[in-house]
Amino acid sequence: MGFIVKKSLGKAHKRNHMKRLLREAYRLHQHMLYDPLRQLQRTFHGALIAYDVDVPYTEIEQEVVALLEQVQGQLPTISPGHS
């Protein structure tokens, strides 16, 4: 999983802080993808992109969970021949 925060969003310490928050939210909820993908014997490559750096962690976590749920909902429709 990649974590992207554009330089235009602010100073390095704010961008790095946002990346840390994104990583932590993903780390805590990665099981939502890892377990089903392991059963399908597939991998997933993606990126989480921040569009703002002044966002509270609870909002970041909610957004990450919503995205992971959306991807998880798509998994059963993936045919076995694709990764």
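The table below lists the values:
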quantity: The stretch 58-77 residues that are in contact (Cβ under 8 Å) with a residue 24 or more places away in the chain, paired with ones that are assigned to a helix (DSSP H, G or I) and among the aromatic types (Phe, Trp, Tyr) (beta carbon under 7 Å, 6 or more apart); calculated: VAL64/TYR26
quantity: Considering residues of the stretch 59-73 that are among the hydrophobic types (A, V, I, L, M, F, W, C) and more than 16 Å from GLY2 (Cβ to Cβ) only, the residue surrounded by the most Cβ atoms within 10 Å (Cβ to Cβ); calculated: VAL65
quantity: Options ARG20, ARG38, ARG15; residue that is closer than 26 Å to GLN74 by Cα and of a type in the set (Lys, Arg); calculated: ARG38
quantity: Complete set of residues in the stretch 1-58 that are surrounded by 10 or more Cβ atoms within 10 Å (Cβ to Cβ), more than 14 Å from the chain's Cα centre (by Cα) and part of a helix (DSSP H, G or I); calculated: LEU9, LYS14, ARG15, ASN16, HIS17, ASP35, PRO36, LEU37, ARG38, LEU40
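Readers should treat all values here as calculations from the given coordinates under stated rules, not as data from a laboratory. No experiment lies behind these values; they were computed from the predicted model shown. Don't worry about glycine lacking a Cβ; one is built from the backbone with ideal geometry, like all the others, and counts go over all protein chains shown.
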